[in-house]
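Peer 1: Dumping the structure here so I can ask a few things about it.
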Amino acid sequence: MIAIGSDHGGFALKAEIIDHLQKRGFEVKDFGTYSEASCDYPVYAKAVAKAVTAGECEKGILICGTGIGVSITANKFRGIRAALCGDCFSAEATRLHNDANILAMGARVTGPGLALKIVDTFLDTPFSGDERHIRRISMIEE
Ligand code: RB5
């Protein structure tokens, strides 16, 4: 199950991502927002982060205008490693090296075509499992 959430700035891109993921066969849980009315990004970032830390969803996707507000919020949660990505190289590297469990994107920064490629790269790339990366990730929580 993939958790997804956005504020009004990411609402349209969230809809495109949900449609794309469902066509790919993923189960998606949409934590809102559910319209383009102005709203507060921490509400949705917290809901997605909680679903991932609780194990209800294995990964999360968060979108706001820049991707910055949602990533700052999600990274306040112990065990969350939210990566703000605007390119496929970063999306691949953050899975391989950081075992990132939330992808954050900025809908006013990254166009929908690239955003869907970033989503696919993020979800299709496994964690490397390398000892040095396990060590570094565990150091984050110390
Ligand atoms: C909303 O206008 C905007 O501030 C928000 O989407 C996001 O970019 C915050 O980081």
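The values are calculated or read from the model by the stated rules, or taken from the named source; none is laboratory data. Just so it is clear, the structure is predicted and the values come from calculations on it, not from any experiment. Neighbour counts are summed over all protein chains in view; Cβ atoms, including those assigned to glycine, are modelled from backbone coordinates with ideal geometry. Heavy atoms of the whole protein, side chains included, go into the accessibility calculation; ligands, DNA and RNA do not. Shrake-Rupley method; radii C 1.70, N 1.55, O 1.52, S 1.80 Å.
Peer 1: Given LYS46, LYS76, LYS29, LYS14, which one is in a helix (DSSP H, G or I), open to solvent by 10 Å² or more (accessible area, probe 1.4 Å) and charged (D, E, K, R)?
Peer 2: LYS46
Peer 1: Could you list, in sequence order, the residues of region 1-10 that are crowded, with 17+ Cβ neighbours inside 10 Å and closer than 25 Å to ARG81 by Cβ?
Peer 2: Result: ILE2, ALA3, ILE4, GLY5, SER6, ASP7, GLY9, GLY10.
Peer 1: While we're looking at this one, here's another question. Taking region 49-67, which residues are open to solvent by 20 Å² or more (accessible area, probe 1.4 Å) and within 16 Å of the ligand (Cβ to nearest atom)?
Peer 2: THR66
Peer 1: For region 79-98, which positions are under 19 Å from VAL109 (Cβ atoms), among the charged types (D, E, K, R) and assigned to a loop (DSSP other than H, G, I, E, B)?
Peer 2: Within region 79-98, just ASP87 meets the criteria.
Peer 1: Name the residues in region 1-32 that are among the hydrophobic types (A, V, I, L, M, F, W, C) and away from the ligand (no atom under 16 Å from the Cβ), would you?
Peer 2: MET1, ILE2, ALA3, ILE18, LEU21, PHE26, VAL28
Peer 1: Does VAL70 satisfy being within 16 Å of the ligand (Cβ to nearest atom), open to solvent by less than 10 Å² (accessible area, probe 1.4 Å) and either under 11 Å from the mean Cα position of the chain (by Cα) or farther than 24 Å from MET1 by Cβ (or both)?
Peer 2: Judged against the criteria, VAL70 is a match.
Peer 1: Another question about this same structure. Would you say ARG135 is under 22 Å from GLY69 (Cα atoms) and open to solvent by 40 Å² or more (accessible area, probe 1.4 Å)?
Peer 2: Taking the combined requirement at face value, the residue does not satisfy it.
Peer 1: Keeping to region 80-102, report how many residues are of a type outside the set (Gly, Ala, Ser) and within 16 Å of the ligand (Cβ to nearest atom).
Peer 2: So the count comes out to 3.
Peer 1: Let me ask you something else. With respect to the numbered conditions (1) in contact (Cβ under 8 Å) with a residue 60 or more places away in the chain; (2) more than 27 Å from SER128 (Cβ to Cβ), which one is the sole condition not fulfilled by SER38?
Peer 2: It fails just one condition, (1).
Peer 1: Select from region 131-141 the residues that are acidic (Asp, Glu) and free of Cβ contacts under 8 Å to residues at least 24 places away in the same chain and list them in ascending order.
Peer 2: Selection gives GLU131 alone.
Peer 1: Separate question: What number goes with the only condition from (1) buried (at least 17 other Cβ atoms within 10 Å of the Cβ); (2) within 28 Å of GLY129 (Cβ to Cβ); (3) more than 14 Å from the ligand (Cβ to nearest atom) that MET105 does not pass?
Peer 2: Unmet for MET105, out of (1) buried (at least 17 other Cβ atoms within 10 Å of the Cβ); (2) within 28 Å of GLY129 (Cβ to Cβ); (3) more than 14 Å from the ligand (Cβ to nearest atom): (3).
Peer 1: Somewhere in region 110-123, is a residue within 15 Å of the ligand (Cβ to nearest atom) and open to solvent by 40 Å² or more (accessible area, probe 1.4 Å)?
Peer 2: Within region 110-123, not a single residue is within 15 Å of the ligand (Cβ to nearest atom) and open to solvent by 40 Å² or more (accessible area, probe 1.4 Å).
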